[in-house]
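Everything below concerns the one structure shown next.
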There are 2 protein chains.
Amino acid sequence: MRDTRQRLVEASATLLQRQGLTGTGIKQILAEAHAPYSSLYHHFPGGKEQLGAEAVRTSGALYAQLIPAIFDPAPDPPTAVRMFFAGAAEHLRDTDYADACPIATVSLEVSSTSETMREACAEVFESWIDSCVVRLVASGVSEGKSRELAIAMVAALEGAFVLARAARSTEALAVAGELTASAVEQALAQATS
Amino acid sequence: MRDTRQRLVEASATLLQRQGLTGTGIKQILAEAHAPYSSLYHHFPGGKEQLGAEAVRTSGALYAQLIPAIFDPAPDPPTAVRMFFAGAAEHLRDTDYADACPIATVSLEVSSTSETMREACAEVFESWIDSCVVRLVASGVSEGKSRELAIAMVAALEGAFVLARAARSTEALAVAGELTASAVEQALAQATS
């Protein structure tokens with residue numbers, strides 16, 4: 001059986017993705033984790049902020065695995081980008097537009113209020129960007145251009161999630177994915193010409 | 001002096017932008033608006049949801065004015081896109097990374113919980129997209145391609161805001177703006193060739 005600490009982190013991660021930080025109370029986290037109140041401050045002396053930051057990092061690491069899982073078997077980076085956005089669109093539709101980015105809501109909520117959690121979000125985004133950069137550089141794109149494309153890809157995905165959830169439509173994911181894939185295609189063509 | 005109804009809407013709009021819906025209580029809205037409790041249900045029988053939806057539409061309409069204000073005097077759409085993202089970056093820095101999109105946080109929070117507010121957010125995003133489409137079509141880009149570019153621009157801006165606020169850096173806005181401007185440039189070149 002998973003230990004109490006792990007259950008607290010996993011319950012928080014799920015709740016933060018669905019309803020953000022402000023809407024998630026300690027009581028709800030403890031109930032979902034089947035954990036006693038005393039366990040929270042035992043495992044997380046920094047309280048909700050410390051637990052939240054760890055939940056953000058855990059979700060971030062889990063989603064980071066999608067990058068090698070999709071990019072590495074793909075025939076080329078533009079195909080991987082298209083598959084990534086198509087997969088995100090499918091998952092969003094399948095979850096009735098609930099499961100988008102695990103940390104975007106939290107990130108917007110805490111950016112001006114909690115340095116601990118803001119830093120956790122920033123670290124996660126940076127890890128995703130770095131992971132994409134490694135793969136673009138391996139395809140022959142320069143380090144600088146790879147970073148631009150990686151940032152643009154993560155930004156396009158996050159922004160498309162905002163529009164897609166509001167509109168209950170995957171149109172924004174399709175459009176943003178295609179534009180990003182085209183930019184990657186052009187960078188590859190320039191790099192190999 | 002502005003009337004009570006208007007003060008309620010404006011106070012809500014400001015609070016929603018800074019802290020989202022879940023973190024904004026009715027008491028805080030009433031205090032900021034210097035309005036008595038009875039005025040809330042007098043003006044908004046639907047309560048916090050109805051007031052929130054009107055605040056979203058009001059913020060959306062205010063920000064929508066930036067599109068003609070920036071696009072119409074600009075020499076061409078790619079220049080307008082660059083100015084738009086540069087202006088957003090400057091404003092974000094000037095407000096210590098607090099003022100990004102007025103409705104993105106709310107939009108992510110309510111997309112799965114309030115149809116009334118989700119629809120208000122979707123309407124606002126659609127109005128911004130439509131306003132960009134009109135301007136791209138006027139420059140000679142086809143209706144279909146204009147819609148793709150407009151969606152991609154709004155998505156890039158929203159996603160770049162998420163990354164920029166978390167990282168406390170405007171790098172994502174610069175990168176996403178340049179990528180979007182380049183895509184608009186290419187579409188214009190194809191349209192006029």
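In table form, for the structure just shown:
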{"item": "Distance between modelled label sites at A:THR192 and A:LEU62, nm, 7 Å Cα→Cβ extension", "result": "3.6 nm"}
{"item": "Most mobile of A:PRO68, A:PRO102, A:PRO77 in a GNM of chain A (Cα contacts under 10 Å)", "result": "A:PRO68"}
{"item": "Positive-end residue, the range B:141-186 charge dipole about Cα centroid, Cβ charges, pick of B:LEU163, B:THR180, B:ILE151", "result": "B:LEU163"}
{"item": "Ranked order, B:TYR97, B:TYR37, A:TYR41 - accessible area, probe 1.4 Å, largest first", "result": "B:TYR37, A:TYR41, B:TYR97"}
{"item": "Structure-based [θ]222 nm, the protein assembly as shown - -39500 (n - 2.57) summed over DSSP H runs of at least 4, per residue, nearest 500", "result": "-25500 deg cm²/dmol"}
{"item": "Calculated label separations, B:GLN190, copies of the chain, 7 Å along the beta-carbon direction, nm", "result": "1.8"}
{"item": "Gaussian network model of chain A, Cα within-10 Å springs - most flexible of A:LYS27, A:LYS48, A:LYS145", "result": "A:LYS27"}
{"item": "Long-range tail of P(r) for the range B:1-146 (Cα pairs > 18 Å, %)", "result": "61 percent"}
{"item": "About the Cα centre, charge dipole magnitude for the protein assembly as shown (Lys/Arg +1, Asp/Glu -1 at Cβ), debye", "result": "740 debye"}
{"item": "Test item: Cα-centred dipole of the range A:119-171, Lys/Arg +1 and Asp/Glu -1 on Cβ, debye", "result": "260 debye"}
{"item": "Average partner coverage of A:89-102, which counts Cβ from other chains inside 10 Å", "result": "1"}
{"item": "Where labels lie 7 Å past Cα in the beta-carbon direction, separation of A:GLU123 and B:TYR37 in nm", "result": "4.4 nm"}
{"item": "Of A:ALA89, B:VAL81, B:LEU21, farthest towards positive along the dipole that unit charges on Lys, Arg, Asp, Glu beta carbons give the protein assembly as shown", "result": "B:LEU21"}
{"item": "Calculated label separations, A:ALA138, copies of the chain, 7 Å along the beta-carbon direction, nm", "result": "4.7"}
{"item": "Debye, to nearest 20: dipole size of chain A, +1 on Lys, Arg Cβ, -1 on Asp, Glu Cβ", "result": "400 debye"}
{"item": "Positive dipole terminus of the protein assembly as shown, leading residue within A:ALA189, A:VAL134, A:SER59 (C-beta point charges)", "result": "A:SER59"}
{"item": "Shortest-first nm distances, A:THR113 label point to equivalent points in other copies (7 Å, Cα→Cβ)", "result": "1.2"}
{"item": "Peptide-level mean, for B:147-153, of C-beta atoms on other protein chains within 10 Å", "result": "5"}
{"item": "Length-normalised contact order of the range A:43-149 in % [C-alpha pairs under 8 Å, at least 6 apart]", "result": "35 percent"}
{"item": "Among A:ASP76, A:ASP94, A:ASP130: highest mean-square fluctuation, GNM of chain A, C-alpha pairs under 10 Å", "result": "A:ASP94"}
{"item": "Residue closest to axis [chain A; rotation mapping onto B; Cβ; Å]", "result": "A:GLY159, 1"}
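The values are calculated or read from the model by the stated rules, or taken from the named source; none is laboratory data. For clarity, every value in this text was computed on a predicted model and none was experimentally measured. All Cβ positions, even for glycine, are placed from backbone atoms using ideal geometry, and neighbour counts span all protein chains on display. Side chains included, ligands, DNA and RNA excluded: accessible areas come from the protein's heavy atoms. Shrake-Rupley method; radii C 1.70, N 1.55, O 1.52, S 1.80 Å.
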